[in-house]
């Protein structure tokens with residue numbers, strides 16, 4: 001899942017180098033270079049990709065502190081769905 | 001005699017013009033970006049003459065001030081020294097704080113001799129803040145300002161002036177889905193918040209699934225919170241060039257065109273402002289742009305607005321003119337650029353205004369400036385070429401964070417466009433060499 005998420009980020013940033021630069025420890029808000037609009041697109045793409053819905057109003061930004069942590073959050077949502 | 005003026009800014013004014021129960025496109029709260037925007041009030045020094053006062057939330061950065069002094073840009077400073085995270089939410093912006101709190105004696109002293117307040121954008125608390133400090137505020141009514149800044153008004157104006165208008169207003173989640181579904185048959189669709197700014201509040205939709213998800217999110221807000229949905233839905237236009245014209249509409253209805261700038265965007269967000277070249281100016285003139293601008297200014301005045309306007313316009317692929325993209329009835333980044341142009345013109349040179357989103361280097365702005373100086377890239381008013389930093393607190397806004405995000409506003413100064421582009425590239429290379437991550 002980590003590879004899939006990194007690939008999505010590199011597509012949104014239109015920067016292939018991110019595939020090798022990012023890893024599970026990378027901070028999604030502060031290390032991927034995505035602006036606020038790109039972050040929204042990223043979350044919506046994650047929804048499409050994994051068939052889950054986010055609650056934007058309740059979403060805790062701490063889930064984006066690392067790609068690994070965000071993947072655990074997605075996995076939990078997929079399990080519940 | 002010129003009136004001494006205090007300038008102050010809240011850059012995210014649109015946030016305060018929105019109806020409180022308006023539904024919102026999906027958004028994530030990014031505190032680091034909010035702090036950076038909050039520190040942008042430093043940029044207002046460009047409007048100050050030496051006797052004017054710049055009022056900022058945080059103290060103006062002393063090292064930037066020293067640098068500006070060295071290139072003979074001088075003004076008086078005053079600060080509220082507000083901690084952005086420690087004031088009540090409804091007092092977060094500068095004017096709300098001034099209006100809600102007792103008169104600050106230190107500020108009264110700093111404002112000695114100043115008679116009027118000029119805000120970047122008129123907000124509901126500006127009049128009370130001005131009154132508290134005995135300042136004159138020449139401004140239209142607040143409702144007028146909020147109305148003419150809305151993209152719904154821009155759309156109405158296109159219709160009134162019989163200009164091309166492919167947009168519709170959706171007043172419910174269902175209407176939004178219906179309008180978007182019809183438009184998606186021809187290509188991607190943009191959903192715009194009537195008071196969104198700089199890419200925030202715009203969403204590009206390219207599939208029915210995505211549209212349906214957005215409509216669902218809005219419907220939930222309508223049902224659970226009684227939110228009122230109000231969005232512009234329009235096809236994504238194939239643009240060739242973004243540009244903007246800066247106007248000042250006087251109270252008697254006359255107006256002045258201050259400048260025309262080409263705006264370079266990164267996606268939907270602002271990236272760079274470049275003075276329009278002779279070819280662009282001739283192209284828009286030959287297409288009747290200035291006649292349309294005159295009609296727009298007249299309509300705005302007829303609707304009881306006066307003051308600064310930055311009108312965003314486009315040239316589409318194929319050459320058609322699209323005169324009204326957005327109306328920003330306030331000061332703007334392009335107006336800041338215009339003020340910097342006036343300074344540089346006197347020196348016989350010109351500049352491009354841009355910014356770099358960057359990790360804050362250890363040592364903050366002082367280290368950043370020292371790197372520029374050591375590499376020979378720093379602008380001074382003798383060599384007339386180089387990078388002129390125009391903000392510093394934006395770089396240090398998140399100094400307390402583990403991974404502090406910063407933003408550095410700069411002007412690349414040189415006589416030719418090629419040299420200005422080269423300077424920005426040299427700066428990027430320098431920062432990367434110093435281990436400073438760029439976003």
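Data for the structure
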| item | result |
| --- | --- |
| Elements of type strands (runs of 3 or more DSSP E) in region B:197-263, at least 1 residues being in contact with a helix residue (DSSP H, G or I) (Cβ under 7 Å, 6 or more places away or on another chain), without any contact (Cβ under 8 Å) to a residue 24 or more places away in the chain and within 14 Å of chain A (Cβ to nearest Cβ) | none |
| Subset of region B:382-412 (residues that are assigned to a loop (DSSP other than H, G, I, E, B) and away from chain A (no Cβ under 14 Å)) | B:382, B:383, B:384, B:385, B:390, B:391, B:392 |
| Helices (runs of 4 or more DSSP H) wholly inside region B:275-370 that include at least 2 residues being surrounded by 19 or more Cβ atoms within 10 Å (Cβ to Cβ) | B:289-302, B:333-347 |
| Region B:131-149, residues that are assigned to a helix (DSSP H, G or I) and out of contact with any strand residue (DSSP E or B) (no Cβ under 9 Å at 6 or more places or on another chain) | B:131, B:132, B:142, B:143, B:144, B:147 |
| Number of positions in region A:24-48 that are out of contact with any helix residue (DSSP H, G or I) (no Cβ under 7 Å at 6 or more places or on another chain) and over 25 Å from residue B:196 (Cβ atoms) | 2 |
| Options A:43, A:74, A:9: the member that is closer than 21 Å to residue B:207 by Cβ, assigned to a helix (DSSP H, G or I) and within 11 Å of chain B (Cβ to nearest Cβ) | A:43 |
| Among residues of region B:134-151, those that are surrounded by fewer than 17 Cβ atoms within 10 Å (Cβ to Cβ) and out of contact with any helix residue (DSSP H, G or I) (no Cβ under 6 Å at 6 or more places or on another chain), counted | 6 |
| Flag if residue B:158 is within 14 Å of chain A (Cβ to nearest Cβ) and part of a helix (DSSP H, G or I) | no |
| Within region B:264-304, considering residues that are within 14 Å of residue B:244 (Cα to Cα) and in contact with a helix residue (DSSP H, G or I) (Cβ under 7 Å, 6 or more places away or on another chain), the one modelled with the highest pLDDT | B:296 |
| Flag for residue B:179 being buried (at least 20 other Cβ atoms within 10 Å of the Cβ), in contact with a helix residue (DSSP H, G or I) (Cβ under 9 Å, 6 or more places away or on another chain) and at pLDDT 95 or above | no |
| Which listed residue is away from chain A (no Cβ under 14 Å), under 19 Å from residue A:37 (Cα atoms) and touching a residue at least 12 places away in the same chain (Cβ under 8 Å), from B:33, B:38, B:70, B:23 | B:38 |
| Matching residues, region A:13-40, being farther than 19 Å from residue B:406 by Cα, within 12 Å of the chain's Cα centre (by Cα) and facing chain B (nearest Cβ under 10 Å) | A:40 |
| Test: residue in region B:175-194 that is within 14 Å of chain A (Cβ to nearest Cβ) and part of a loop (DSSP other than H, G, I, E, B) | yes |
| Candidate set from region B:39-57 (those that are surrounded by fewer than 21 Cβ atoms within 10 Å (Cβ to Cβ) and over 19 Å from the mean Cα position of the chain (by Cα)); member that is nearest to residue B:75 (Cα to Cα) | B:50 |
| Residues located in region A:61-71, provided they are within 10 Å of another protein chain (Cβ to nearest Cβ), within 19 Å of residue A:1 (Cβ to Cβ) and surrounded by fewer than 20 Cβ atoms within 10 Å (Cβ to Cβ) | A:65 |
| Filtered residues of region A:18-40 (kept if touching a residue at least 12 places away in the same chain (Cβ under 8 Å) and in a loop (DSSP other than H, G, I, E, B)) | A:22, A:23, A:24, A:25, A:26, A:27, A:32, A:33, A:34 |
| Any hit, region A:52-59, residues being more than 10 Å from chain B (Cβ to nearest Cβ), modelled with pLDDT of 90 or more and surrounded by fewer than 16 Cβ atoms within 10 Å (Cβ to Cβ) | no |
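The values are calculated or read from the model by the stated rules, or taken from the named source; none is laboratory data. Values in this document were obtained by computation on a predicted structure and should not be read as measured data. Here Cβ is always computed from backbone atoms with ideal geometry, including for glycine, and neighbour counts include all displayed protein chains.
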